[in-house]
Amino acid sequence: MTYQSAIQYLYDRLPVFHHIGSAAYKPGLNNTIKLMNAMNNPQKLFKTIHVAGTNGKGSVSHMLAAILQSAGYKTGLYTSPHLVDFGERIKIDGKMIDRQYVIDYIENNKELFEIVQPSFFEATMAMAFSYFADEHVDIAVIETGLGGRLDSTNIIEPLLSVITNISFDHVAFLGDTLEKIATEKAGIIKKNTPVVIGEWQPETFPVFERKAFEEGSELYLSNEIFNRVGYLNGKMLVENQEKTQYLMGLNGDYQLKNLSTVLCVTRALNKIIRQNFNTEKPHLKELTEENIRSGFENVIELTGLQGRWQVLQKFPTVVVDTGHNEAGINYVVEQLKHQKFDKLHVIIGMVNDKDINSVLKILPLNAIYYFTQASILRALPAADLQNKAESYGLKGYNYQSVNEAVESALYNSNPDDFIFIGGSNFVVGEALNGRQWENKL
């Protein structure tokens, strides 16, 4: 078995949510518990931080991992979905999972998969936990997949939990109100386990407060306000009201809230370390200000994160971003307002189970649109997206592949133009993988 055939086995044999949508969704933890029991529960062999939220959880998870790496921790990182390579989901100290490990894992567990019939997400999560245990990581940052309460990752017993924010996404599974969605996300709050809340609204805060009280969990609220003050060597320079500054490896003004969340997590984590661990052990030491600054500034180099307001080239400027729901796209639209360009070109594709209209109604009218579709079953056909968009005054053409849309936008652009690519993780992934970009990681 080769690495590619091992990955293909996962896709062919196990239902994959990001490819087929709701048919792959398996709510509840019964399958996960069966799977992990059969593997002797490797998730109990290392410490974890659990991260949930509608938007920002990927960025927050990577920034946390970068800070922990800077402090000398051997750090596991489990996120989803991947953009280009399956190995992006499972990393230790920024390096993707060893390909031979993937092959061996699949070959050794085929019979178990036939018995338990896990989803793709459950099987890959179990792979991550086994890998982290076998490699003896000190700590792992674990991002939820969908929701929280019934998410497969919710079998872990973390040092602390993090909920970045709540907005409308996956309403068919999580609920059609902010309160219902918050209730699902709050399901990761564990007994006597501190929880950090990044953002909250009048509808969601009582949910978090009540759940934390029920579980006897200390509640931390992220409340620092940061503003962008400029750029230094291509990285965003930000400061708070006390004029404390940080240099950010992740650009995009929406990272200001994620920064505040991560700082709150580092303080909560340091308190846990002081109270529970021998700080003389180097792999359990507190996070210093130097560690935090290094993690923020070097997050891309340390973790390999892609797709967060990532500049792929200049002249014309090409930027990709994985925002894919109303809240995420709204951040993108606000960011576009700060850019200088002659003409704006927007390459966009979406999946068919999102609230398409809520996204289309906030997109800028002063752009040339290239409507496209990723090569997955969930992709909304480009022509359908174009038809919907025209009712909102968005003008352009449709393309059957992301690569065609990219090449057309580049051909029609001048050096002073700006090209944005987004609307879906899968569109961004295909754009990253479709050609050699000047600044691609």
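Things to note:
- Only residues that are under 13 Å from T124 (Cβ atoms) and part of a loop (DSSP other than H, G, I, E, B) were counted in region 86-104, giving 1.
- Subset of region 194-226 [in contact with a Leu (Cβ under 8 Å, 6 or more places away or on another chain) and surrounded by 15 or more Cβ atoms within 10 Å (Cβ to Cβ)]: P194, V195, V196, I197, W200, T204, F208, E209, A212, S222, E224, F226
- Of all residues assigned to region 244-254, none qualifies as being touching a residue at least 12 places away in the same chain (Cβ under 8 Å), more than 29 Å from Q310 (Cα to Cα) and not in a loop (DSSP other than H, G, I, E, B).
- Strands (runs of 3 or more DSSP E) enclosed by region 342-441 - at least 2 residues per element that are among the aromatic types (F, W, Y): 367-371, 418-422
- Subset tally (residues that are crowded, with 21+ Cβ neighbours inside 10 Å and more than 17 Å from A379 (Cα to Cα)) for region 338-356: 2
- Test: residue in region 88-95 that is at negative phi, out of contact with any strand residue (DSSP E or B) (no Cβ under 7 Å at 6 or more places or on another chain) and either modelled with pLDDT under 90 or in the same structural domain as E290 (by TED's automatic domain parsing) (or both): yes
- Of the residues making up region 183-193, just one is within 24 Å of S59 (Cβ to Cβ), among the basic types (K, R) and surrounded by fewer than 22 Cβ atoms within 10 Å (Cβ to Cβ), namely K190.
The values are calculated or read from the model by the stated rules, or taken from the named source; none is laboratory data. Here the structure is a predicted model, which means the values were calculated and not measured. With ideal geometry, Cβ positions are generated from the backbone for all residues, glycine too; neighbour counts draw on all protein chains shown.
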